[in-house]
Structure formats: structure tokens, C-alpha cells
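The values are calculated or read from the model by the stated rules, or taken from the named source; none is laboratory data. Source: prediction; values computed, not measured. So basically every Cβ, Gly included, is an ideal-geometry build from the backbone, and we count neighbours across all protein chains shown.
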């Protein structure tokens with residue numbers, strides 16, 4: 001796991017937490033392509049000029065419908081998608097397994113269970129906090145490197161799962177992370193079956209939610225503690241439901257709630273919100289119609305990175321197109337032209353220092369830029385240089401802190417050994 005600044009197709013930065021598939025127990029292959037890494041937005045997303053970004057101390061974007069959240073995330077470029085239920089739950093299980101289940105903004109700016117833990121509220125937020133403004137206990141791993149605000153603050157849309165008349169349906173194997181059709185009538189939705197081959201239904205009735213192998217007689221909306229979901233005596237809970245966080249794992253304990261409307265299609269939100277109290281939590285679940293949008297519901301993007309063809313055995317195919325050799329720029333014959341080339345190369349260096357995608361393509365754009373475009377770029381270059389410096393300082397500080405912690409642990413261990 002590491003933190004990384006990743007640039008979307010617009011060349012703008014997101015702060016992401018990057019995992020290998022094995023670190024989260026997620027599939028290492030999606031639709032026949034080998035997965036290198038999953039990058040999860042460190043922060044609940046904000047909107048800048050209509051594009052979602054993972055940045056700290058920003059107002060989280062709300063009033064976004066499920067379908068709009070999917071569209072916005074996918075508009076950022078190849079591999080970008082709305083965080084899936086598989087990815088969300090994988091983070092939750094990591095936290096549970098490592099005893100770092102996060103607290104969060106569950107009491108209008110503070111944690112209901114640890115009121116000394118506070119975030120930064122903002123005018124008009126009604127108790128919501130700025131992204132990532134809480135303490136490290138609000139991160140999934142309990143450190144500054146973790147994914148923030150998965151408990152409380154705002155509900156978050158997750159992809160790849162829904163309920164249809166009380167029946168849970170999924171796009172299996174984290175397929176919603178890449179190229180999936182998540183529309184209402186998509187053929188990719190699949191039911192979950194018991195070992196006897198019966199589909200599972202959640203029957204909402206009389207203040208309870210009971211899992212059963214037949215369609216409920218009626219429909220209702222209610223909520224219960226996640227750990228209080230009931231199972232009818234004539235069925236066993238499929239392990240898949242536990243893997244997807246739709247039924248509690250055998251040793252799981254929590255007060256968070258599971259809300260469900262068994263009437264029609266219901267897409268899913270996770271995490272709870274800023275006045276959810278004990279009902280909020282990583283495995284907390286609610287849902288609504290795919291067109292619903294409200295002040296308590298937002299989202300975060302994720303990005304899947306694939307192993308390049310050059311890293312795979314498929315590259316041995318003889319008919320693979322070989323990359324074109326780099327073309328050397330021709331020096332301009334006049335003074336102004338050469339000054340433009342120098343400026344273009346300086347912009348390219350800034351771009352490469354920021355780990356921008358396709359630096360060669362950027363170089364071509366820079367050299368073809370007009371004088372007016374270069375003037376505008378110069379105005380932006382100072383900000384980019386400052387961001388690059390800030391990122392470098394952050395990485396250096398993180399390394400120093402890690403070294404200091406390691407040294408401290410080593411010294412303490414040596415002292416203990418000599419006592």
C-alpha cells in the first residue's frame with residue numbers, strides 16, 4: 001500500500017491509495033486483462049469544474065445520483081470507475097482483520113463514540129466535515145496513509161451491487177471496476193444462490209429483515225443492526241453474501257445498521273452520515289432509486305491499472321506493432337522560435353516531475369503551442385511547481401517519519417533486550 005498522486009486524462013491530480021490485488025484480496029484479472037494495482041480515492045470526492053477529484057480539506061460533493069456518480073468517475077479516463085462494493089468491502093475486511101476499524105464524523109463534526117476526535121466543519125455543511133480533515137483514526141488503517149472517511153460524514157455510492165425486489169444482484173468478480181454495463185436492464189447482473197440452487201431474497205417485514213430462498217409476499221422498508229439480520233431455518237447463508245458485506249462474517253461485531261427497501265430496484269450506499277451515530281460504519285448499508293440525489297449522499301472514484309502488454313508473455317507475438325522511435329525536435333531557425341522551444345521543454349520537465357501521463361505526447365503539444373498558449377501556461381507553471389514541491393516535501397517528510405518510527409522501535413527493542 002502506498003499514497004500516490006495520479007493524474008487523470010485532464011492532467012489534474014488525485015491523491016490515491018494504491019494496493020496490489022493481493023493486498024486487498026481482489027481479482028488479479030478483469031475481463032481477461034491482468035491487474036497491476038487498484039488505486040482508491042484517499043478522500044471522498046469533490047467536484048472541480050464538474051470533474052471529481054480526491055483532494056484534502058475540500059467540501060465533499062453531494063446531490064449526485066448513482067448513475068451520475070458512475071458517469072463522472074468514468075469520465076476521468078481509462079480505468080477510472082465508481083468505487084465498487086467489492087473494493088469498499090475489501091477495505092472494510094482489511095480494517096477488521098487488522099483491528100483498525102475507523103471511526104468518523106458521526107455526530108455533526110465529531111465521532112459519537114470518541115467526541116475528542118473532530119474534523120473541520122464548514123458553512124452550509126450542516127455538520128459535514130471537509131475531506132480528510134479528521135484524525136488518523138478516521139482512516140481505514142489508523143495511519144496518515146490510509147483511506148479517509150469511510151465511516152460517516154456522507155453516504156457513498158458503490159457500484160456492482162443492487163437489490164431487485166429484495167433479491168441481491170451483483171456484477172461478479174469486481175467486474176464493475178472495468179467496462180461494465182451497470183444500467184437497470186444490463187444482462188451483467190447476476191443473482192446469488194444457495195448451495196441448493198435457490199436465489200436469495202431479503203424479506204423486510206415487521207421490523208425485521210430475514211434472508212429466505214423464496215420471493216417475499218410483500219415489500220417494505222426498514223433497518224436493523226447488521227449483525228441482527230435473520231436467516232430462515234430452511235436455508236444456509238451463501239459465503240458470497242459474507243464476502244460482499246451483505247451478511248456479517250462469523251466473528252463480526254458492530255452496532256452499525258443495514259437498511260433496505262424491498263420494493264423495486266435499489267442501488268447501494270455505504271458508510272452512513274454525519275449524524276448517524278452508532279448506526280454508521282464501514283459495513284453500514286442503505287439504498288435508493290438510481291435517480292435519487294440528496295445532501296447526504298456522495299461518492300469516490302477508484303482506478304484500476306493493468307499490466308502493460310510489454311510486461312506480459314503476449315508481447316512475444318511477432319505481429320505486435322513495435323513502438324515508433326522517438327523523433328528529435330528540429331531547432332527553430334529564428335530567435336523567438338528557439339525561445340518558444342526552451343519554454344516548451346521547461347514545461348515538459350515540470351509535467352514529468354509531476355508524473356503526468358504520456359509525457360512524449362505532452363512534449364509534442366508544448367512544441368506546437370502558440371505564443372498565447374505558452375503565456376497562459378507560464379501563469380499556471382508556478383502553481384504546478386509549488387504542487388510538485390509540496391508533493392516532494394510530503395514524500396520526504398513521510399520517509400523521515402517512517403525512519404524515525406523505525407529507529408524509535410529499534411531503540412526500544414534494544415533497550416528491552418538489555419534490561
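Residue count for the range 127-143 satisfying the condition of being part of a strand (DSSP E or B) and surrounded by fewer than 18 Cβ atoms within 10 Å (Cβ to Cβ): 0. Scanning the range 104-116 for residues that are more than 16 Å from residue 153 (Cβ to Cβ) and surrounded by fewer than 21 Cβ atoms within 10 Å (Cβ to Cβ) turns up at least one hit.
Looking only at the range 70-126, residues that are without any contact (Cβ under 8 Å) to a residue 24 or more places away in the chain and either assigned to a loop (DSSP other than H, G, I, E, B) or in contact with a helix residue (DSSP H, G or I) (Cβ under 9 Å, 6 or more places away or on another chain) (or both) come to 7 in all. Comparison of 159, 146 shows that the only residue that is in a loop (DSSP other than H, G, I, E, B), at pLDDT 95 or above and crowded, with 18+ Cβ neighbours inside 10 Å is 146.
Quick check on my filter: what residues within the range 257-279 are outside any strand (DSSP E or B), closer than 25 Å to residue 176 by Cα and touching a strand residue (DSSP E or B) at 6+ places or on another chain (Cβ under 6 Å)? Selection gives 262, 272, 273. Could you grab me the full set of residues in the range 184-194 that are outside any strand (DSSP E or B) and either surrounded by 10 or more Cβ atoms within 10 Å (Cβ to Cβ) or not assigned by TED's automatic domain parsing to the domain that holds residue 288 (or both)? Matches in the range 184-194: 184, 186, 188, 189, 192, 194. For the range 22-30, state whether one or more residues are assigned to a strand (DSSP E or B), more than 16 Å from the chain's Cα centre (by Cα) and closer than 18 Å to residue 307 by Cβ. Looking for residues that are assigned to a strand (DSSP E or B), more than 16 Å from the chain's Cα centre (by Cα) and closer than 18 Å to residue 307 by Cβ, one finds at least one in the range 22-30, hence yes. Tell me, yes or no, whether the range 262-279 has at least one residue that is buried (at least 17 other Cβ atoms within 10 Å of the Cβ), on the phi > 0 side of the Ramachandran plot and within 19 Å of the chain's Cα centre (by Cα). So far as the range 262-279 goes, yes, one or more of its residues are buried (at least 17 other Cβ atoms within 10 Å of the Cβ), on the phi > 0 side of the Ramachandran plot and within 19 Å of the chain's Cα centre (by Cα). Could you tell me whether the range 8-19 includes any residue that is at pLDDT 95 or above, more than 16 Å from the chain's Cα centre (by Cα), outside any loop (DSSP other than H, G, I, E, B) and closer than 28 Å to residue 127 by Cα? The answer is no, given that none of the residues of the range 8-19 is at pLDDT 95 or above, more than 16 Å from the chain's Cα centre (by Cα), outside any loop (DSSP other than H, G, I, E, B) and closer than 28 Å to residue 127 by Cα.
With respect to the stated conditions, residue 305 is under 27 Å from residue 40 (Cα atoms), surrounded by fewer than 16 Cβ atoms within 10 Å (Cβ to Cβ) and at pLDDT 70 or above.
A quick yes/no check of all residues on (1) assigned by TED's automatic domain parsing to the domain that holds residue 24; (2) farther than 15 Å from residue 166 by Cβ; (3) touching a strand residue (DSSP E or B) at 6+ places or on another chain (Cβ under 9 Å); (4) part of a loop (DSSP other than H, G, I, E, B):
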{"position": "219", "(1), (2), (3), (4)": "yes, no, yes, yes"}
{"position": "240", "(1), (2), (3), (4)": "yes, yes, yes, no"}
{"position": "247", "(1), (2), (3), (4)": "yes, no, yes, yes"}
{"position": "250", "(1), (2), (3), (4)": "yes, yes, no, yes"}
{"position": "255", "(1), (2), (3), (4)": "yes, yes, yes, yes"}
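Filtering the range 185-199 down to residues that are in contact with a strand residue (DSSP E or B) (Cβ under 6 Å, 6 or more places away or on another chain) and touching a residue at least 40 places away in the same chain (Cβ under 8 Å), which residue is nearest to residue 89 (Cα to Cα)? If we take residues in the range 185-199 being in contact with a strand residue (DSSP E or B) (Cβ under 6 Å, 6 or more places away or on another chain) and touching a residue at least 40 places away in the same chain (Cβ under 8 Å), then 192 is nearest to residue 89 (Cα to Cα). Within the range 24-40, the residues that satisfy the criterion of being touching a strand residue (DSSP E or B) at 6+ places or on another chain (Cβ under 9 Å) and in contact (Cβ under 8 Å) with a residue 24 or more places away in the chain are 24, 26, 27, 30, 33, 34, 35, 36, 37, 38, 39, 40.
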